[in-house]
1. Return the residues of the stretch 179-214 that are free of Cβ contacts under 8 Å to residues at least 60 places away in the same chain, surrounded by 12 or more Cβ atoms within 10 Å (Cβ to Cβ) and outside any helix (DSSP H, G or I); say none if nothing qualifies.
2. Would you please list the contacts, defined by Cβ atoms under 7 Å and residues six or more apart or on different chains, that run from a residue in the stretch 269-283 that is assigned to a loop (DSSP other than H, G, I, E, B) to a residue that is loosely packed, with under 15 Cβ neighbours inside 10 Å?
3. If I filter the stretch 66-83 down to residues being touching a helix residue (DSSP H, G or I) at 6+ places or on another chain (Cβ under 6 Å) and assigned to a helix (DSSP H, G or I), which single residue comes out as surrounded by the most Cβ atoms within 10 Å (Cβ to Cβ)?
4. Could you please let me know if residue 164 is assigned to a helix (DSSP H, G or I), under 18 Å from the mean Cα position of the chain (by Cα), within 28 Å of residue 239 (Cα to Cα) and modelled with pLDDT of 90 or more?
5. Of all residues in the stretch 209-225, count the ones that are within 18 Å of residue 54 (Cβ to Cβ) and touching a helix residue (DSSP H, G or I) at 6+ places or on another chain (Cβ under 9 Å).
6. When you go through (1) crowded, with 22+ Cβ neighbours inside 10 Å; (2) within 24 Å of residue 278 (Cβ to Cβ) one by one for residue 97, which number turns out not to apply?
7. Starting from residues that are surrounded by fewer than 16 Cβ atoms within 10 Å (Cβ to Cβ) and not in a helix (DSSP H, G or I), keep the ones in the stretch 39-65 and report whichever is farthest from the chain's Cα centre (by Cα).
8. Modelled with pLDDT of 90 or more, farther than 29 Å from residue 191 by Cβ and not in a helix (DSSP H, G or I) - does that describe any residue in the stretch 105-114?
């Protein structure tokens with residue numbers, strides 16, 4: 001039996017960084033994909049995303065020998081009850097995100113994913129009784145001031161950003177307490193919302209408003225392909241989470257909203273006023289404080 005190479009931990013960490021960066025990069029440029037489906041109503045896009053994601057993921061469950069875990073989860077009433085909640089949260093998140101992109105609110109979507117780490121800290125404090133460290137309090141306060149500034153000074157309540165941040169935050173919070181693997185969890189969530197999603201798509205088709213097989217073939221392929229752009233980054237993220245430190249993953253996650261922000265401003269030319277810039281600068285400052293605190297805390301505890 002050969003002993004493990006001393007380079008294996010380094011290679012594993014490097015592969016984890018590549019997987020994580022790839023996942024967040026795909027999420028960051030995914031608006032380009034959803035923009036190609038602007039002729040399709042957001043609710044139909046989200047419904048197709050759910051249905052085809054289940055079709056795409058279930059073979060991985062079978063081939064990955066996760067059938068026993070899948071069946072065990074089906075018979076666990078507590079886990080299924082919580083998965084109903086997570087499926088509703090992820091469905092709401094996907095629908096809001098797609099609608100925001102195709103309605104010209106990508107800037108707000110990027111803001112939502114920028115503040116998501118701070119929302120996670122806040123939810124952990126409220127529901128898991130985790131104690132906020134000093135710098136975390138400062139970061140949350142600065143981020144909150146940015147949201148309040150945008151609401152009261154600019155007069156625009158960032159409901160899209162907050163809805164995205166809190167639905168994803170609560171999703172992560174609930175998934176944290178469910179003893180279900182990421183792949184089985186995703187397959188179960190898509191299964192739970194695939195049934196009403198499929199019913200809605202059949203209803204739309206019967207009433208002549210369905211997009212699938214009624215528009216260009218390219219649209220049909222894009223709708224089916226939504227499963228790939230949904231599942232691949234999630235799989236890459238899961239691979240990364242097992243290989244890299246949490247602080248490293250925390251830094252990588254800023255790739256996604258940064259890509260959205262740059263595309264919103266420079267590619268899609270969304271209005272970006274000085275008041276919005278001030279809000280983003282406050283959020284970025286909060287994230288710098290949060291990131292520094294994360295690094296210092298990790299060094300102290302390890």
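1. 214
2. Short answer, once both residue conditions are applied: 270/104.
3. Here the residue is 83.
4. It is true that residue 164 is assigned to a helix (DSSP H, G or I), under 18 Å from the mean Cα position of the chain (by Cα), within 28 Å of residue 239 (Cα to Cα) and modelled with pLDDT of 90 or more.
5. Total satisfying the criteria: 5.
6. With (1) crowded, with 22+ Cβ neighbours inside 10 Å; (2) within 24 Å of residue 278 (Cβ to Cβ) applied to residue 97, the lone miss is (2).
7. Among those that are surrounded by fewer than 16 Cβ atoms within 10 Å (Cβ to Cβ) and not in a helix (DSSP H, G or I), it is 65.
8. yes
The values are calculated or read from the model by the stated rules, or taken from the named source; none is laboratory data. None of these values were measured; they are calculated from a predicted model. Glycine gets a Cβ as well: all are built from the backbone with ideal geometry, and neighbour counts include every protein chain shown.
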